[in-house]
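Colleague: First, the structure itself, so that you have it in front of you.
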């Protein structure tokens, strides 16, 4: 079992739920509604995030740099950088009622985020397994796990970035996203009967090591994101290998490494006991993990809401401090850090408590070779946003074989060109399975002519089309790196693609392509997708009343049965969830071709819709079998 990303000069996926960042190769581009500081560029500058709480557990705001004393190994240090971060605790988005249940089909690299959470669901040995033989999943604990994760997601700010990782059912995992509907979909997909198989003998120990060592991997990767608190929230029914449980698997020292890494990386671990109210010593293990990482444990309760609320509070208000150690030797020694608020012993101050000093490179050691720029752009936990991009992807069956072709419409946005410009886009596309295997890669140089922007327009916009072939059904992540030759800027964007088993499923649908009859922005190359779809896709999802926009989808009937008529139901809901279009068509059996497919088109009634946000749903059915596709769009 593997999970992504990149190492020097080679792509690889880390096991399980290890969050993916380039190991020393790239810098994540992070923006927030409140700009975080960029401390002066010094390799010896140590950064700390500090939470200060009063006796009631509420954040203490309004402190200044002079209110803090910072010690390293009992020697006072001079604070050289300081800022207070105070984010809104919980914002309930008043957007469309379906926004948090339907993922967007267009993904952008323009990320404006506030907090970073990684939700880890231990669905192996520690998913509430009953001890009485045979060891079986505790269905009540699994139900509560799903409820507690859903509760956490419901409290997120719209711009919070969250990843969801299952320790065994890795194919359900979701990489960092602010599209929280994707997280809800993943949680709902977890089987009610449990997901873990590593429940006995050596396999049980393997599952325990996955959980603990994977936690360390997450922390090490999150450490590469500076100027930010990061929080792991662990959902499970057992924490193996800590002092209060038998260490049958020999992983106690793995936990010590987790604690040391968390101290150095500004990462808190907040464990949630999904077994709920119980009075045995297991809860002490949860408390030990929280205490050693500065997190918050939720134990001995069936009401997770107050504890989850506390986790959000502690990640919403904190202080960032930076200092240059008076002891500047690169000797690799262990150093203790203490932060105090002057004259306020009643306050609870939590921060990084130690770090290992760097080691000086050995004489003659050559510096590591940097990766190619296009690969580096795909290497981040977050996509590179220097060149703003958005992408829509739609999978279509390849006639006669099991493979599929994914069509890609990539929207590019950059400062306005003052005159007509001959642009070129250097495009790299790579596709990975949910288990981390790279299955496809393609590189293109795409020429496109971009007209001069109007005087009142700040940005030039255009779209490039591409495709990538995938050999079999499954869940994939497609990553695109694009460089504008004209402006010498590069960006990247990541999109999830699910390919149905078109040859076996009773009825299935391709992805949905939207096409504008009179596109406003230039598009190239126009012919690259003609053998796949009969129209030119667009990643645009905001339209005017005068636009002529058609939704295109392809229906498939798998197996060898005689073709049946397919009922195609089309609905459009407004932001309040009211159906403003409700239409039913029949795709006749005799319209299906030898490759067992038939096309269906629907023109959006833009002229009849008031301005606002809408959800288009296409649902195909044959008997009791159904397939559904959703597209969110806006009428200007």
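Colleague: Filter the stretch 158-169 down to the residues that are crowded, with 21+ Cβ neighbours inside 10 Å and farther than 15 Å from residue 232 by Cα, then identify the one that is modelled with the lowest pLDDT.
Modeller: Looking at residues that are crowded, with 21+ Cβ neighbours inside 10 Å and farther than 15 Å from residue 232 by Cα, I get 168.
Colleague: Inside the stretch 304-332, can you point out the residues that are assigned to a loop (DSSP other than H, G, I, E, B) and surrounded by 15 or more Cβ atoms within 10 Å (Cβ to Cβ)?
Modeller: 304, 315, 316, 324, 325 - these are the residues of the stretch 304-332 that are assigned to a loop (DSSP other than H, G, I, E, B) and surrounded by 15 or more Cβ atoms within 10 Å (Cβ to Cβ).
Colleague: A further question follows. So for the stretch 225-248 (the condition being assigned to a helix (DSSP H, G or I) and modelled with pLDDT of 80 or more), does at least one residue qualify?
Modeller: no
Colleague: Shifting gears a bit: Across the stretch 105-149, which residue is nearest to the chain's Cα centre (by Cα) among those that are at pLDDT 90 or above and either surrounded by fewer than 18 Cβ atoms within 10 Å (Cβ to Cβ) or part of a loop (DSSP other than H, G, I, E, B) (or both)?
Modeller: Result: 109.
Colleague: What about residue 584, is it assigned to a loop (DSSP other than H, G, I, E, B) and either touching a residue at least 40 places away in the same chain (Cβ under 8 Å) or farther than 27 Å from residue 402 by Cα (or both)?
Modeller: In short, no.
Colleague: Step by step: first the residues of the stretch 333-348, then only those that are in contact with a strand residue (DSSP E or B) (Cβ under 8 Å, 6 or more places away or on another chain) and farther than 14 Å from residue 263 by Cα, then the one that is surrounded by the most Cβ atoms within 10 Å (Cβ to Cβ). Which residue is that?
Modeller: That would be 341.
Colleague: Regarding residue 463, is this residue surrounded by fewer than 22 Cβ atoms within 10 Å (Cβ to Cβ), in a strand (DSSP E or B) and within 29 Å of the chain's Cα centre (by Cα)?
Modeller: Answer is no for this residue.
Colleague: Among the residues in the stretch 397-406, are any outside any helix (DSSP H, G or I), within 20 Å of residue 490 (Cβ to Cβ) and touching a strand residue (DSSP E or B) at 6+ places or on another chain (Cβ under 6 Å)?
Modeller: No, there is no match, as no residue in the stretch 397-406 is outside any helix (DSSP H, G or I), within 20 Å of residue 490 (Cβ to Cβ) and touching a strand residue (DSSP E or B) at 6+ places or on another chain (Cβ under 6 Å).
Colleague: Only one residue in 313, 375, 337 is in contact (Cβ under 8 Å) with a residue 40 or more places away in the chain and over 27 Å from residue 164 (Cα atoms). Which one?
Modeller: 337
Colleague: Answer yes if at least one residue in the stretch 359-373 is closer than 30 Å to residue 523 by Cα and either part of a loop (DSSP other than H, G, I, E, B) or under 28 Å from the mean Cα position of the chain (by Cα) (or both), and no otherwise.
Modeller: Within the stretch 359-373, one or more residues are closer than 30 Å to residue 523 by Cα and either part of a loop (DSSP other than H, G, I, E, B) or under 28 Å from the mean Cα position of the chain (by Cα) (or both).
Conditions tested, residue by residue: (1) touching a residue at least 60 places away in the same chain (Cβ under 8 Å); (2) under 23 Å from residue 606 (Cβ atoms); (3) in contact with a helix residue (DSSP H, G or I) (Cβ under 6 Å, 6 or more places away or on another chain); (4) not assigned by TED's automatic domain parsing to the domain that holds residue 426.
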| residue | (1), (2), (3), (4) |
| --- | --- |
| 497 | yes, no, no, no |
| 504 | no, no, no, no |
| 507 | yes, no, no, no |
| 512 | yes, yes, no, no |
| 517 | no, yes, no, no |
| 522 | yes, yes, no, no |
| 530 | no, no, no, no |
| 536 | yes, yes, no, no |
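Colleague: Moving on. If I go through the stretch 590-614 residue by residue, how many of them are farther than 10 Å from residue 635 by Cβ, touching a residue at least 12 places away in the same chain (Cβ under 8 Å) and either surrounded by 17 or more Cβ atoms within 10 Å (Cβ to Cβ) or in contact with a strand residue (DSSP E or B) (Cβ under 8 Å, 6 or more places away or on another chain) (or both)?
Modeller: Of the residues in that region, 10 qualify.
Each row is one residue, and each column tells you yes or no for (1) within 35 Å of the chain's Cα centre (by Cα); (2) over 24 Å from residue 501 (Cβ atoms); (3) at pLDDT 95 or above.
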{"site": "563", "(1), (2), (3)": "no, no, yes"}
{"site": "576", "(1), (2), (3)": "yes, yes, yes"}
{"site": "581", "(1), (2), (3)": "yes, yes, yes"}
{"site": "589", "(1), (2), (3)": "no, no, yes"}
{"site": "592", "(1), (2), (3)": "no, no, yes"}
{"site": "600", "(1), (2), (3)": "yes, no, yes"}
{"site": "605", "(1), (2), (3)": "yes, yes, yes"}
{"site": "613", "(1), (2), (3)": "yes, yes, yes"}
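Colleague: I'd like to know if the stretch 462-470 contains one or more residues that are at pLDDT below 90, more than 23 Å from residue 175 (Cβ to Cβ) and out of contact with any helix residue (DSSP H, G or I) (no Cβ under 6 Å at 6 or more places or on another chain).
Modeller: no
Colleague: Find the residue count for the stretch 466-497, including only residues that are closer than 12 Å to residue 432 by Cα and within 16 Å of the chain's Cα centre (by Cα).
Modeller: 10
Colleague: Separate question: Anything in the stretch 279-303 that is in a loop (DSSP other than H, G, I, E, B) and farther than 29 Å from residue 76 by Cβ? List them, or say none.
Modeller: Passing the criteria: 279, 280, 281, 296, 297, 299, 300, 301, 302, 303.
The values are calculated or read from the model by the stated rules, or taken from the named source; none is laboratory data. All figures in this text were calculated on a predicted structure; none of them were measured in a lab. Cβ atoms come from the backbone with ideal geometry, glycine included; neighbour counts cover every protein chain shown.
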